[in-house]
Structures are given as structure tokens and as C-alpha cells.
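The values are calculated or read from the model by the stated rules, or taken from the named source; none is laboratory data. Everything numeric here is computed off the predicted structure, so don't read it as measured data. For neighbour counting, all protein chains shown are included, and Cβ atoms are generated from backbone atoms with ideal geometry for every residue, glycine included.
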Amino acid sequence: MDPRVIELHCIMPMANIASVIAHGILSYERAAKLSHHSVAMQPVQDRRDHKHVPGGLKLHQYANLYFHARNPMLHRRLSEADGLCVLRVSTQVLALPGAVITDQNAASDYVRFLAPAQWRLLDWDDIFAMDWRHPGDPIAYWRHKSRKCAEVLIPHQVAPGFIVGAFVVDAGAAARLGDLGCTLPVAVDPVLFFR
């Protein structure tokens, strides 16, 4: 795997932390059975609802993680940063049966679903770029924006034991996360949250 992949990320509303500690990170399908807050955008979820991973499950039957959470999804939720955390997930999940990686957002029309052993097919420089804008080149912008959201898909759930910590935007957010029952190590990383 690319040496920059030291952990995986999941953007999560802090309000879900007690459930995450108890149940892990759930697929969209499993999370729908529990009371929870969501950062999902409905038009994207509608697209995901109709997709199947070739030789695998429906897309909504996977828990989805990012290689890097400083991406367009988190950027769209900047106004909610005080109530969000980025969960840090062990790369050991890549060895779980049925794990899949994507070379861009899994909802994209042009996504490739790959085995983790095919990691060299991903554009790591685009995934870990701090910015995906390409002024004057809208095609490059759209391609990079989608690649920035490359995913790791884990069937059904990421068990709590794979979650190794959380990032938050500032010290106040760290305190709030602790007040909500978070027992994970919490680090403040404003740059991850575009600050």
C-alpha cells in the first residue's frame, strides 16, 4: 500500500459516537435500523442505492471509509465542523474478507471497484492532495474531485476494535466529544477540517 496510507477515515457526526463505540461503523443499510445522525447527501445516496459492487454486495451494504478525509465531502460540511469528528480506522480492515477499494467516489459513473492488492491503480497524489481545484480546467477539477473521495468498502460493518482514534477541529470539539462518551484517543487537527 502507498506509504501515506497509515490509517483510514470516516466522517462521523459526534452525536453518533456512543453508537459507534457500541456497534462500530455500519453500512448505510444497517445504520438505517438505528437512530442516528447522518452527513450523507441524499442525491448521492440515491445514486449509491442503485449500485452493486461487481461480484459483491449492494453498495449500501458496505461501511465506507476514505483514504483521506480532507476531501469534498468534509468540505461540504464545513459549517457543521464543530459537531463532526473524523474517525481513525486501522488499515488492518483492508485484509477483511470482501474488502474493496475504489479509485474514486463509489457513486461515480466511472468508478473501478478493486481488490486491496490492486492499490497501485489508484492515483495517490490526487487522493492526498490538499486541494482538488483546477482553475480554468473544469474536467480536471471534476476528475480530481472524484478521485479525492476514493473509498474503502467493508462488508456490513467496521467492528469497534478497528477504530483507533478520532480527529476534531479544535479543543472545544474535543471536549464535546469526550462529554458524549468518546473513550478513543482524540487529536485536534484543524488543517484536516480546512482551518
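Observations, loosely collected:
- Residue 126 within 27 Å of residue 59 (Cα to Cα), among the acidic types (Asp, Glu) and surrounded by 12 or more Cβ atoms within 10 Å (Cβ to Cβ): yes
- Condition check for residue 69: touching a residue at least 60 places away in the same chain (Cβ under 8 Å), among the hydrophobic types (A, V, I, L, M, F, W, C), more than 24 Å from residue 167 (Cα to Cα) and part of a loop (DSSP other than H, G, I, E, B): no
- Residue 74 in contact with a Ser or Thr (Cβ under 8 Å, 6 or more places away or on another chain), in contact (Cβ under 8 Å) with a residue 12 or more places away in the chain, outside any loop (DSSP other than H, G, I, E, B) and buried (at least 20 other Cβ atoms within 10 Å of the Cβ): no
- Pairs with Cβ under 6 Å, 6+ apart, first in the stretch 141-153 and touching a residue at least 24 places away in the same chain (Cβ under 8 Å) and surrounded by fewer than 21 Cβ atoms within 10 Å (Cβ to Cβ), second not in a strand (DSSP E or B) and not hydrophobic (A, V, I, L, M, F, W, C): 145/72
- Counted residues, the stretch 102-120 - those being closer than 11 Å to residue 2 by Cβ and either touching a Leu at 6+ places or on another chain (Cβ under 7 Å) or of a type outside the set (D, E, K, R) (or both): 1
- In the set 81, 140, only one residue is more than 16 Å from residue 9 (Cβ to Cβ), at pLDDT 95 or above and not in a loop (DSSP other than H, G, I, E, B); that residue is 140.
- Matching residues, the stretch 20-29, being surrounded by fewer than 18 Cβ atoms within 10 Å (Cβ to Cβ) and closer than 23 Å to residue 58 by Cα: 23, 29
- Filtered by the rule that a residue be farther than 17 Å from residue 119 by Cα, assigned to a helix (DSSP H, G or I) and in contact with a Pro (Cβ under 9 Å, 6 or more places away or on another chain), the stretch 143-157 gives a lone residue, 145.
- The stretch 121-138: number of residues that are in contact (Cβ under 8 Å) with a residue 24 or more places away in the chain and over 14 Å from residue 66 (Cα atoms): 2
- Meets criteria (without any contact (Cβ under 8 Å) to a residue 12 or more places away in the chain and either farther than 16 Å from residue 148 by Cα or exposed (fewer than 15 other Cβ atoms within 10 Å of the Cβ) (or both)) for residue 50: yes
- Test: residue in the stretch 149-165 that is β-branched (Val, Ile, Thr) and over 30 Å from residue 56 (Cα atoms): no
- Boolean, residue 87 is surrounded by 20 or more Cβ atoms within 10 Å (Cβ to Cβ) and assigned to a helix (DSSP H, G or I): no
- The stretch 158-188, residues that are surrounded by fewer than 17 Cβ atoms within 10 Å (Cβ to Cβ), part of a loop (DSSP other than H, G, I, E, B) and either in contact with a strand residue (DSSP E or B) (Cβ under 8 Å, 6 or more places away or on another chain) or not small (Gly, Ala, Ser) (or both): 170, 180, 183, 185
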